[in-house]
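Notes follow the structure.
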Amino acid sequence: MAVTKNKRDGVLSIIDGTTPSAVETTITFCEGDFTYNEPKKNEPIVVKERTGALAHIKSNDAFSGYGQCSFTFKYVDKTIKGLMCNPAATSAIEADKINSRYKTVNVKMILKSEAGATEETHTLYNVFFDPGKVVFKESGEYSTLSATGIIFGKIDTGVRKFVDVT
């Protein structure tokens, strides 16, 4: 299920993997959107007999591919693309089984009530932003930056976890 929120609903942060304490950068922009979807589950595998009749149904793999996240915002600062595409340190650790050439960041969207209290937090683990999919667009009234990333997820107690909502 895709989740879409507007920037006015919360705060969007990019978190790299710097140790001992990760660098968290809040993206400040006037207008924008934020969307993500977790990977789809694979369907059960149908195994047929030679005659075409159902022999049995085999269990499926846990998931099919990876999830995606995307957001667009009014362009404010050129350093944001560097923070997403080339962070100081990747957020992935060896246990996450992600190749080190993919520099990933964690993305956190904090949704707030009208009174300003935190209602829920969406954390996306190990998101890779391809520089070619982070696009600057010049416009008459304002410029925008849009980004699309792949959610690789992390290994949490032996299971790959892509998103955490608290």
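Summary table
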quantity: Label selected from (1) 1.04; (2) 1.08; (3) 1.25, the criterion being Rg/Rh (Cα atoms, Kirkwood Rh) as computed here; calculated: (2)
quantity: Relative contact order, percent, the chain [alpha-carbon distance under 8 Å, six or more residues apart]; calculated: 23 percent
quantity: Relative contact order (%) - the range 22-91, alpha-carbon pairs under 8 angstrom, separation at least six; calculated: 37 percent
quantity: Förster radius 22 Å - calculated FRET efficiency between ASN86 and THR144, Cβ distance, rounded to 0.05; calculated: 0.60
quantity: Set of lysines with alpha-carbon distance to LYS81 below 19 Å, sequence-local pairs under 8 removed; calculated: LYS7, LYS103, LYS108, LYS133, LYS137
quantity: Intensity falloff of the range 70-166 expressed as log10 I(q)/I(0), Debye formula with alpha-carbon point scatterers, at q = 0.11, 0.20, 0.25 Å⁻¹; calculated: -0.40, -1.03, -1.24
quantity: Cα-based equivalent ellipsoid of the range 36-79: semi-axis lengths in Å, sorted from largest, via gyration tensor; calculated: 44, 8, 6
quantity: Calculated [θ] (222 nm, deg cm²/dmol) that DSSP helices of n ≥ 4 give over the chain, each run adding -39,500 (n - 2.57); calculated: -1000 deg cm²/dmol
quantity: DSSP loop GluC sites (Glu not before Pro) with at most 11 other Cβ within 10 Å excluded, longest remaining stretch of the chain; calculated: 50-113
quantity: Label point distance in nm, THR121-LYS137, each placed 7 Å from Cα along Cα→Cβ; calculated: 3.2 nm
quantity: Approximate shape of the range 126-166 as ellipsoid semi-axes (Cα gyration tensor, √5λ), whole Å, largest first; calculated: 32, 12, 4
quantity: Packing-based order for 61-69, 40-48, using average beta carbon neighbours within 10 Å, highest first; calculated: 61-69, 40-48
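FYI, it's all coordinate maths here, none of it is from the lab. Since the model is a prediction, treat every value here as computed from it, not as a measurement. Here the Cβ is made from the backbone with ideal geometry for all residues, glycine too, and neighbour counts use every protein chain on show.
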